[in-house]
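Student: Just passing along the structure, written as structure tokens.
The values are calculated or read from the model by the stated rules, or taken from the named source; none is laboratory data. All figures in this text were calculated on a predicted structure; none of them were measured in a lab. Note that each Cβ is placed from the backbone with ideal geometry, even for glycine, and that neighbours are counted across all protein chains shown. Just the protein is used for accessible areas: all its heavy atoms, side chains included, with ligands, DNA and RNA removed. Shrake-Rupley method; radii C 1.70, N 1.55, O 1.52, S 1.80 Å.
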4 protein chains.
Amino acid sequence: MFKRLTYGMVGGSKDSQIGIVHRKAINLHGKAELVCGSFSRNFKNTLATGKELKIEEKRLYRNYEEMAEEESKRPDKIDFVSIVTPNSSHYEVAKKFLESGINVMCEKPLTITLKEAEELKQLARKNNLLFAVAYSYTGYSMLRYARELIKRGEIGEVRFINGRYISEWMAKVPFAGKNSRHEWRSDPKVSGLSNCVADIGVHVDNVVSFLTGLKIKTLIARMDKFVEPDRLDDNASILINYDNGAEGIYWTSQIAVGHENTLDIGIYGTKGSIEWSQEHANYLKISKVNHPFITLSRGSEKVDDFIKNDYVTPGGHQEGYVEAFARVYDKFINAITKKKKGEILEQRDLDFPTVEDGVEGMRFIEKCVESTKRGASWVEF
Amino acid sequence: MFKRLTYGMVGGSKDSQIGIVHRKAINLHGKAELVCGSFSRNFKNTLATGKELKIEEKRLYRNYEEMAEEESKRPDKIDFVSIVTPNSSHYEVAKKFLESGINVMCEKPLTITLKEAEELKQLARKNNLLFAVAYSYTGYSMLRYARELIKRGEIGEVRFINGRYISEWMAKVPFAGKNSRHEWRSDPKVSGLSNCVADIGVHVDNVVSFLTGLKIKTLIARMDKFVEPDRLDDNASILINYDNGAEGIYWTSQIAVGHENTLDIGIYGTKGSIEWSQEHANYLKISKVNHPFITLSRGSEKVDDFIKNDYVTPGGHQEGYVEAFARVYDKFINAITKKKKGEILEQRDLDFPTVEDGVEGMRFIEKCVESTKRGASWVEF
Amino acid sequence: MFKRLTYGMVGGSKDSQIGIVHRKAINLHGKAELVCGSFSRNFKNTLATGKELKIEEKRLYRNYEEMAEEESKRPDKIDFVSIVTPNSSHYEVAKKFLESGINVMCEKPLTITLKEAEELKQLARKNNLLFAVAYSYTGYSMLRYARELIKRGEIGEVRFINGRYISEWMAKVPFAGKNSRHEWRSDPKVSGLSNCVADIGVHVDNVVSFLTGLKIKTLIARMDKFVEPDRLDDNASILINYDNGAEGIYWTSQIAVGHENTLDIGIYGTKGSIEWSQEHANYLKISKVNHPFITLSRGSEKVDDFIKNDYVTPGGHQEGYVEAFARVYDKFINAITKKKKGEILEQRDLDFPTVEDGVEGMRFIEKCVESTKRGASWVEF
Amino acid sequence: MFKRLTYGMVGGSKDSQIGIVHRKAINLHGKAELVCGSFSRNFKNTLATGKELKIEEKRLYRNYEEMAEEESKRPDKIDFVSIVTPNSSHYEVAKKFLESGINVMCEKPLTITLKEAEELKQLARKNNLLFAVAYSYTGYSMLRYARELIKRGEIGEVRFINGRYISEWMAKVPFAGKNSRHEWRSDPKVSGLSNCVADIGVHVDNVVSFLTGLKIKTLIARMDKFVEPDRLDDNASILINYDNGAEGIYWTSQIAVGHENTLDIGIYGTKGSIEWSQEHANYLKISKVNHPFITLSRGSEKVDDFIKNDYVTPGGHQEGYVEAFARVYDKFINAITKKKKGEILEQRDLDFPTVEDGVEGMRFIEKCVESTKRGASWVEF
């Protein structure tokens, strides 16, 4: 009996944290099985990883090109590939799989230039393939409910947005970037134009867009290199003007000592506000004009009703990162399954971050870099 | 190639929340596959659930007896069964599977009498089977690290323990117990001697035991029935004396309006204290005598080092309930796998809540009921 | 022009923290002036304190007896005395001033036996004098508003009360009690029957009584001496049954490492609950059955309206301990002023903790000690 | 015997909140007495206020000019004046008293133009008078301790500063500014160039300067008018470059629904960080590179030792706004007293916000307005 889709992975060898997270997130709903991979540029590493993951040796590939080519020839070729390599190779790997007729889930940032991202978008469209980007936070139930509340007009028209994604790892001593497994992040050859904005700042942009649908009109970005010998940004301050007249401030940092991974979003409207913090992801602070604020949790009755077909963890217990990420994958996998059955996909079937979101993220990064180069002055979007 | 263990489930039909949680927790590490079940006393429901879960129809059983008998005859019989039925049937179901030579994971409370629990313990031992009990909180990384800190003597000798597990669902209006899917919880025929203490209070007992290893010497319990027409306790206050001279207070409630699921544990020693809250499960408050307190998170370097082989979610992100529960299952499944290979199990292989913990939980419940019956007076353990 | 009442102080020399707090709390509203004192058993210390406080030397007294006698002869005798000596002398000092026709504000616990407390109550009544007790927390705006909400029936009938007042100072190393300025607290000759319950536990009893008006019917207390060479209790666990059928648990401690001064009160009723914490004194957590909980702050419109004639600090800013204490003193001073003008005092003029509350506190302490002596068994109130 | 300084007040009639706060803050330490005033432009109101405050009628003045002239002729003229009128009159009132030889405490913002502020600074210097500005937050013990830690190098060199002072009152419905007692705040004739930045944003600038001593080199400000019919800013986003290479972001708002008065400051250095929030003013979050963060409270031993000569409220209890403000006044009053005795004032005697800080605040406001007018572009300081 047909039970599961199959997928392969590029990158994500057994010692890579990001590979584990993707595999477990896919496991959670049990709808797809890992059957092939090219987990490392070092084939021995790929073999060792494949062995640990109990993958047939013949489906362990020397490189992604071989994998795409061999898999595309199989009658039981994989239903999608997960790309979890460093930023600079996303483009070529994704392109290869799209050309081979295979759906793609790619880590963010989508590419290292906007142009590449646009190209992938066109290619996916042309080849009629599904393409998701791993903006994992959008899978959290409370963020999804916040989106619903904003859509319903509960906070009125949005006036101001405050977002921050701040962490401390680049400030560690001895310097965390040097000789660490994260060194590539500050290497322009591997990371592209940006480290901090591309790695974490882009999540603020994505979550704000997810929640409000607002488009950026103009921005100023001041990107910094505080840590020596940093070669790319480790901190950035960004002012935004949105197309509806709303405004925003984003702060993203890897030198904010005392913060492991603080992602806080506040959306302030004419009638109320919504605040969410990744570190307390199961709660929303909801404030209405002239009323004391309320704390809404995943177990609150209305929330429970909204999300009931879509969650695992009972109210009052903690929905974690893996479950949020699993929700993103689940919607992607459901769409593939539906398409595979020959059914027509509707807009609501595409309720996961897509290549379009990936393109917007790249535009955001490029505009930040452009503004910084021009002395932190306003640039049009 | 051999990839996964197989398991079956008794109870947990498709509309049951608890069944979903168990299945997803098992999915997460991808080491066991659901292949059979008797999900409901109503066979149509079992069939519908089986279809949704893509289980072969011939392995969907009319009742647990049939399932145990048929499975035990198969050469590819299941490696374990998960029992997620209401309390009163745990005993008979578990007994049947133990007699059929099948390892068991059972929901808590283990049974409805201490005597039954003891019997299951003996039977598991006699038949050389592994038997786990679903004390899921013990899977949280930060609780596991707290146990390590206490073991190392970081807080000195334990003096006092404060625990509470409080919730509000029985206080809801109209009365939540009546005609709700939870009605059975206040029905003595199904729940046994206790509702609140057996359902949630027992977790406080288990977590304290997990963290400190202390044994209860005497206790007083005052169990209440505040909500009409409650037939079993919905609130309890418990004073404990431990064997080392330490003392404790536990409060457990289903009428604590404003609390969805508050499980807070504080352990106070001669040198320091540790506090953990389920609602902020990724943090510990650690206090040392004469020092300001610190907040330790899963991403802190020492914690990270301690748990690194055993987690999915990167530091700074939220480890949730499913991941904690998955860790409990994972250790159980690893033990079964090792045993299946014919290897000798050592004590450290049994680092999951076992039938012994289940028995202790039943003793706790019975002693609480006994003390209450005697006017909330001291009873020996 | 007549501007201020005058008062004297017994105890509270310049190096005593408690004396400073009383004087500043009185200063805040500027309605009474310190004009005499016997600040220490050591007259040199009294002289030095008097000099610092710019008090006329002839109104610095060798002891409280002299002070009461001399002041009572003056045409401009003090309007009240503040007694801030250690517990064991409260009785004799208060008695002397009452006999001299002077109103009294006394630190808690009121005395060291219930009998003495009752005697003071009778004496105050007989001599028609005002007698306040320094239960300072009842002056916090948010606790006063909580009382109002409970009175209005917002949480329905009270079912359960959870209170704790925990601190760590006795757990400090080297032992804080020994050779410290707090040593007297664990000395039965000075502190009386109890240290921890009398010093801080009694506040829980008082705040609960203030908020709910409930009377204790029976209680169990288990008082401990964890710290060597402690001669009095440093920790206690208390179960309460109230006269309306409600129940409670109190925990009070001086060995709860990590807590400087945690006073948390939760009142759980049939329709909702109210929780307040001294460490975040400007907020209430209010929960209604079937609704998400709200956080009410001093600046919330309804609260602001309720307290507007009675506060200093604007909403959004922090009302602190001195302001709370000043509110208690202010109501006492207003009552004295009204009485002095010959007006009739109504019940609402006595909205401060009185000698009656002090007597109730002593009853609570004695009953805790009695229960402990009887092996932590139930005692009638 | 000489007991207290004397002071007068301009503005602050009995229904004004700000007048009350100043008077109570002065009362707290009991070192100065209110003896005269011109509390309102409406003399009847001044008379009524004076009566309530028990001031001699002959020292109640029709206007500030009369008050300054009459008081300056008295042998017992006031030691200082507190100016608590709306912004636009600060300059003329302060000038008049300085010309009359009277020390000044003035509300912030100091004036409505930088030029006026500079003039007051010169005048105070010329006439050898003390001049304080009511930047009240700098009186909080924990902010003062934070300054000490930064000075000692505990967080290394400052890299980044994040500050926000956000509130919601202008977002209230019906529009809070219109016909409310706060209407003047959005009236340019009374408030000057700015509402939000001048009223609350300026506190961020002041606290940052107080903590770090850093000077602003360049800034961008985007000031907004979200609420109709607002005539002045109700929200602003500000990017800062400091002279040492550090950078900052400030956000100030009166339309941030859900925030009564949130003032949060984070200072991030090479070795650690310090974060403080007005809403939890008795705590600091201290983080050191490579260590878990600690929560330092006013009762922590080292803090206690640092502040012991300078506080009222015992550790563990809440130091509130009035006490913080009283500390600012106390240092000002102590300086006047010392000067009055003919002693030489040293730098440490001037540890309160002075006219120099007021001038800096005005420069900050003017530069923000200038940047906004130039399309939110960088301006030199």
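Student: Where the only charges are on Cβ atoms (+1 Lys, Arg; -1 Asp, Glu), what is the dipole of chain A about its Cα centre, to the nearest 20 debye?
Tutor: Roughly 600 debye, rounded to the nearest 20.
Student: Oh, and also: Label-to-label distances across copies for A:Pro174, with labels 7 Å out along Cα→Cβ, in nm, shortest first?
Tutor: 4.4, 6.9, 7.1
Student: Can I ask one more? Can you check what the net charge comes to around A:Ser38, using other residues whose Cβ is under 12 Å from the Cβ of A:Ser38 (Lys, Arg +1; Asp, Glu -1)?
Tutor: The answer is -1.
Student: Can I ask one more? Can you run phi through the Karplus equation (6.51, -1.76, 1.60; θ = phi - 60°) for the stretch D:56-63 and list ³J(HN,Hα) in whole Hz, with x for Gly and Pro?
Tutor: Values per residue, Gly and Pro as x: 4, 4, 6, 9, 9, 10, 5, 7 Hz.
Student: With respect to the axis carrying A onto C, what is the closest chain A residue by Cβ position, and how many angstrom separate it from the axis?
Tutor: A:Ile294, 2
Student: Shifting gears a bit: Run through the other copies and list how far each one's label point is from that of A:Lys338, in nm with one decimal, shortest first; the point sits 7 Å from Cα along Cα-Cβ.
Tutor: 4.5, 7.1, 7.5
Student: Which residues does a label at A:Arg363 reach in the stretch A:244-270, if reach means a backbone N under 15 Å from a point 7 Å past the Cα toward the Cβ?
Tutor: A:244
Student: Over the stretch A:1-79, with every protein chain in place, what whole percent of the accessible area is carbon and sulfur at 1.4 Å, could you tell me?
Tutor: 47
Student: To the nearest 20 Debye, how big is the dipole of the protein assembly as shown about its Cα centre, given +1 on the beta carbon of each Lys and Arg and -1 on that of each Asp and Glu?
Tutor: Its charge dipole is roughly 0 debye.
Student: Quantify how much of the Cα-Cα distance distribution of chain C extends past 42 Å, in percent.
Tutor: 10
Student: Further, regarding this structure: Go ahead and run the numbers for FRET between D:Asp305 and D:Lys340, Cβ-Cβ distance against an R0 of 30 Å, rounding to 0.05.
Tutor: Calculated transfer efficiency: 0.45.
Student: As I understand it, the dipole of chain B uses +1 on the Cβ of Lys and Arg and -1 on the Cβ of Asp and Glu, about the Cα centre. Which of B:Gly342, B:Phe160, B:Asn261 lies farthest toward its positive end?
Tutor: B:Gly342
Student: Related question: Over 24 Å between Cα atoms, which of B:Lys14/B:Lys126; C:Lys331/D:Lys24; A:Lys215/A:Lys339 qualify?
Tutor: Pairs exceeding 24 Å: B:Lys14/B:Lys126; A:Lys215/A:Lys339.
Student: Same structure, new question: Relative to the other copies, what are the label-point distances for D:Asn45, with labels 7 Å from Cα along the C-beta vector, expressed in nm at one decimal and sorted shortest first?
Tutor: Nearest to farthest, the other copies are at 5.1, 7.2, 7.4 nm.
Student: Mind checking how much accessible area C and D bury in total, 1.4 Å probe, in Å² rounded to 100?
Tutor: Buried: approximately 3600 Å² between D and C.
Student: Sticking with this structure for a sec: Considering only DSSP beta bridges whose two residues both sit in the protein assembly as shown, what percent are antiparallel, to the nearest 5?
Tutor: Percent antiparallel among DSSP bridges in the protein assembly as shown is about 60.
Student: In sequence order, what are the phi-derived ³J(HN,Hα) couplings for the stretch B:185-190 according to the Karplus relation 6.51 cos²θ - 1.76 cosθ + 1.60 with θ = phi - 60°, rounded to whole Hz, with x for glycine and proline?
Tutor: 5, 9, 9, x, 5, 9
Student: Give me a comma-separated list of calculated 3J(HN,Hα) values for the stretch A:139-149, in order, Karplus coefficients 6.51, -1.76, 1.60 applied at θ = phi - 60°, integers in Hz, x for any Gly or Pro.
Tutor: x, 5, 3, 6, 5, 5, 5, 4, 4, 4, 4
Student: Have a look at the DSSP beta bridges in chain A and tell me what percent are antiparallel, nearest 5.
Tutor: For chain A, the DSSP antiparallel bridge percentage is about 60.
Student: Can you pull out the trypsin sites (Lys or Arg not before Pro) in the stretch B:289-353 whose DSSP state is coil and whose Cβ has at most 14 other Cβ atoms within 10 Å?
Tutor: B:Lys341
Student: Please report, in debye to the nearest 20, how large the charge dipole of the stretch C:249-381 is about its Cα centre when each Lys and Arg carries +1 at its beta carbon and each Asp and Glu carries -1 there.
Tutor: Result for the stretch C:249-381 is approximately 200 debye, rounded to the nearest 20.
Student: Taking the Cα centre of each part, how many Å lie between the stretch D:342-356 and the stretch B:353-381?
Tutor: Result: 68 Å between the Cα centres.
Student: Pick out, from D:Asn42, D:Pro75, D:Tyr91, the residue whose Cα sits farthest towards the positive end of the charge dipole of the stretch D:25-100, with +1 on the Cβ of Lys and Arg and -1 on the Cβ of Asp and Glu.
Tutor: D:Asn42
Student: In a shell of Cβ-Cβ distance under 12 Å around B:Ala246, excluding B:Ala246 itself, what net charge do Lys and Arg (+1) and Asp and Glu (-1) give?
Tutor: -1
Student: How far apart, in nm, are the 7 Å Cα→Cβ label points at B:Arg74 and A:Phe43?
Tutor: Using points 7 Å along Cα→Cβ, the separation is 4.0 nm.
Student: What is the sum of charges, Lys and Arg at +1 and Asp and Glu at -1, for the other residues whose Cβ falls under 10 Å from the Cβ of C:Arg327?
Tutor: -3
Student: Moving on to the next point. Could you pull out every residue, at least 5 positions away or on a different chain, whose amide H is within less than 5 Å of the one on B:Gly320? Hs are placed 1.01 Å off N in the peptide plane, and Pro or chain starts have none.
Tutor: Sorted by chain and number, the residues that satisfy this are A:Gly320, A:Tyr321, A:Val322.
Student: Too long at a 28 Å Cα-Cα cut-off: which of A:Lys288/D:Lys225; C:Lys121/D:Lys3; A:Lys108/A:Lys338; D:Lys95/D:Lys308?
Tutor: In this structure, C:Lys121/D:Lys3; D:Lys95/D:Lys308 lie more than 28 Å apart at Cα.
Student: If ligands, DNA and RNA are left out, what is the accessible area of D:Trp169 with a 1.4 Å probe, given in Å² to the nearest 10?
Tutor: 50
Student: Determine the distance separating the Cα centre of the stretch C:77-152 from the Cα centre of the stretch B:13-72; give it in Å without decimals.
Tutor: Rounded to whole Å, the Cα centres lie 69 Å apart.
Student: Once you compute Rg and the Kirkwood Rh from C-alpha atoms, what is the Rg to Rh ratio for the stretch B:8-99?
Tutor: Rg/Rh for the stretch B:8-99 comes to 0.92.
Student: Comparing C:Ile26, C:Ile344, C:Ile112, which has the greatest mean-square fluctuation in the GNM of chain C with Cα pairs linked when under 10 Å apart?
Tutor: Maximum among the listed residues: C:Ile344.
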